[in-house]
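Below is one structure; the comments refer to it alone.
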Amino acid sequence: MNVQTSTAVAPPQVSEDHLVNPWESAQRQFDEAVRHLSLPPGLADMLRETKRELIVKFPVVMDDGSIKMFTGYRVHHNAVRGPTKGGIRYDVNVNLDEIRALAMWMTWKCSLMNIPFGGAKGGVACDPRKLSMRELEKLTRRYATEISVLMSPQGDIPAPDLGTNPQIMAWIMDTYSMHVGYSVPAVVTGKPTLVGGSAGRREGTGRGVTYIVEETLRHLNMVPEETTVVIQGFGNVGSVTARTLHELGCRIIGVSDIRGGIYNPHGLDPMDLMRHHNEAGSVIHYPGADTITNEELLQLPCDVLIPAALENQITEENADRLRCKIVAEAANGPTTPDADVILAERGIFVVPDILCNAGGVTVSYFEWVQDLQSFFWTEAEINERLRRIMIDAFKQVLYESERRGVSMRTAAQIIAISRVAEATMTRGIYP
Ligand code: NAD
C-alpha cells in the first residue's frame with residue numbers, strides 16, 4: 001500500500017461560481033423575510049444560525065492501494081418541527097458554508113410544504129465522476145459511518161442531492177442497518193424501490209417542478225403549447241423536468257450539463273436526448289442541435305428558464321442579460337440576492353427554490369412514512385398527493401406575495417419562517 005503525499009490530498013479547488021457565499025445569500029434572504037414579521041426578541045437570532053455542524057475527515061483506500069483523505073459535512077439547521085431532512089451532495093466545491101445554506105433552505109422548504117421535518121444537509125468534497133464504483137461505495141460507507149452519530153429514522157434522514165443517487169442511498173441504508181443489526185429502510189430516502197424506496201421518488205423533484213411551472217403559466221395566462229423552456233443541468237432533476245414539461249406540451253429548446261449546452265429553437269425530444277446522454281455521457285454533440293456554452297444557455301430567448309444544476313448561476317453579472325419571462329428554480333440557490341433585485345426590476349417572475357423544487361422532499365416524506373408503516377402506495381397515489389401539496393403551496397405563496405407586495409421568494413420565506421417561529425414558541429425554549 002502506498003500512502004499519498006499531502007499535495008495529492010489537497011482540498012479541491014473552489015470554482016469562481018462559488019465566489020458569492022451561499023450562506024450569506026441564505027441569511028440575506030432570511031433577513032429580508034424577517035423584516036416583514038414581528039418575531040419575539042432573539043428568535044430571529046436563533047433561526048438565523050444552524051443548530052449543529054459536524055465535520056468529518058476520513059480515509060479511503062483507493063483502487064491503486066493509496067490512502068486518500070476526504071472531508072465530509074452534516075449540518076442540522078433546525079429540528080423544531082420534526083426530524084431533520086436533507087440531501088447529501090458529492091461535489092468538488094462542497095464546503096461548510098454551502099452545506100449550512102442548503103440546510104437552512106431545507107428547513108424553510110419543509111415548513112413551506114407543511115411536512116413535519118426540520119432542515120439538514122450533508123456532503124463530501126470529492127469528484128464522484130473520478131471515483132470507481134468500488135471507491136464510491138467505500139467513501140459512502142465510511143462517510144455514513146462517520147455521520148451515523150447524527151443519522152436515524154427519528155433524528156436525521158438523508159436523501160440524494162447533486163452527485164448522489166439511489167444506489168448511494170442503498171449503501172447508506174445498508175451501512176446503518178449493519179451497525180444496528182437489522183434493516184432500517186426509513187433512515188434514508190431516495191432508495192431504489194427494491195429496498196424500501198418509494199414509487200415516484202426519483203421523478204419527484206422534476207415532476208414537482210413541472211406542476212409548479214404549469215401553475216405559474218396558468219397564473220400568467222400562458223399555455224404550455226406556446227411555451228419555450230431552457231434547462232441548465234440534465235441530471236436527475238433537469239432530465240425529469242425536461243421530460244414532464246415536454247409531456248405537458250412545452251417546447252424544450254435548450255439544455256446543458258457540466259460539459260456544455262445544446263440549442264434547437266424548433267425543440268428537443270427529451271427521451272431521445274436521454275438516450276444520447278446515456279451513451280455519450282453528456283448532452284453535447286446531440287445531433288441536430290447547436291453547441292453553446294452554459295453562459296450562452298442562460299441568455300437564450302425563452303419563456304421559462306430552469307436552472308437545475310448549482311448555486312450562483314444567475315448573478316448580478318448576467319441577470320440583466322436573461323431573456324426569459326419566468327425563472328423556475330429547480331436548483332437550490334441558483335439566484336444570488338443581488339440578481340434577485342435585478343430580475344424583480346425587470347419584471348421576471350421568479351419561482352423560488354424552496355417552492356419550485358420541493359417535490360423531492362415531499363416524496364421523500366411519503367417514502368419515510370411508507371417505510372415506517374411497511375405499507376406502500378402506488379405511483380398514481382404519490383403523484384396525486386404530490387400535485388395537491390405543490391399546488392396548495394404555490395397558491396399560498398402567490399396570495400402572500402400579492403397581499404404583501406413582496407417577491408415570491410420573500411413570501412415563501414415569510415410563510416415558512418412564521419411556521420417554524422410559531423412551533424418554537426409553542427414548544428418553548430428548553431429548559
Ligand atoms: P445531479 O447530480 O443528478 O445532476 C446535476 C446536473 O448538473 C448534471 O447534469 C451536471 O452535469 C450538471 N452540472 C453540474 N455542474 C454544472 C455546471 N457548472 N454548469 C452546468 N451544469 C452543471 O443532481 P440533481 O439531483 O439533479 O440536483 C440538481 C440541483 O437540484 C441541485 O441544486 C440540487 O440541490 C437540487 N435539488 C435536487 C433534488 C433531488 O431530489 N435530487 C431535490 C431538490 C433540489
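The values are calculated or read from the model by the stated rules, or taken from the named source; none is laboratory data. Values in this document were obtained by computation on a predicted structure and should not be read as measured data. With ideal geometry, Cβ positions are generated from the backbone for all residues, glycine too; neighbour counts draw on all protein chains shown. Keep in mind that these areas ignore ligands, DNA and RNA; they rest on the heavy atoms of the full protein, side chains included. Shrake-Rupley method; radii C 1.70, N 1.55, O 1.52, S 1.80 Å.
Quick look at the numbers
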quantity: Per-region count, the range 122-151, residues open to solvent by less than 10 Å² (accessible area, probe 1.4 Å) and assigned to a helix (DSSP H, G or I); calculated: 4
quantity: Residue match in the range 190-201 (condition: open to solvent by less than 40 Å² (accessible area, probe 1.4 Å) and under 23 Å from Asp127 (Cβ atoms)); calculated: yes
quantity: Of all residues making up the range 65-85, the number that are on the phi > 0 side of the Ramachandran plot and in contact with a strand residue (DSSP E or B) (Cβ under 7 Å, 6 or more places away or on another chain); calculated: 1
quantity: Glu400 open to solvent by 60 Å² or more (accessible area, probe 1.4 Å), over 19 Å from the mean Cα position of the chain (by Cα) and without any contact (Cβ under 8 Å) to a residue 40 or more places away in the chain; calculated: no
quantity: Candidate set: the range 62-99, residues that are hydrophobic (A, V, I, L, M, F, W, C) and closer than 23 Å to Gln167 by Cβ; chosen: the one farthest from the ligand (Cβ to nearest atom); calculated: Met62
quantity: Of all residues making up the range 341-363, the number that are over 18 Å from Ala309 (Cβ atoms) and either within 16 Å of the ligand (Cβ to nearest atom) or not hydrophobic (A, V, I, L, M, F, W, C) (or both); calculated: 7
quantity: Strands (runs of 3 or more DSSP E) completely within the range 7-92 that count 1 or more residues being open to solvent by less than 20 Å² (accessible area, probe 1.4 Å), modelled with pLDDT of 95 or more and under 25 Å from Gly359 (Cα atoms); calculated: 67-78, 84-91
quantity: Residues of the range 318-333 satisfying the condition of being free of Cβ contacts under 8 Å to residues at least 40 places away in the same chain and either within 15 Å of the ligand (Cβ to nearest atom) or part of a helix (DSSP H, G or I) (or both); calculated: Asn318, Ala319, Asp320, Arg321, Val327, Glu329
quantity: Filtered residues of the range 347-380 (kept if part of a helix (DSSP H, G or I), touching a residue at least 40 places away in the same chain (Cβ under 8 Å) and open to solvent by 20 Å² or more (accessible area, probe 1.4 Å)); calculated: Tyr365, Trp368, Leu372, Glu379
quantity: Residue in the range 152-174 that is nearest to Val61 (Cα to Cα), counting only those that are surrounded by fewer than 18 Cβ atoms within 10 Å (Cβ to Cβ) and within 15 Å of the ligand (Cβ to nearest atom); calculated: Gln167
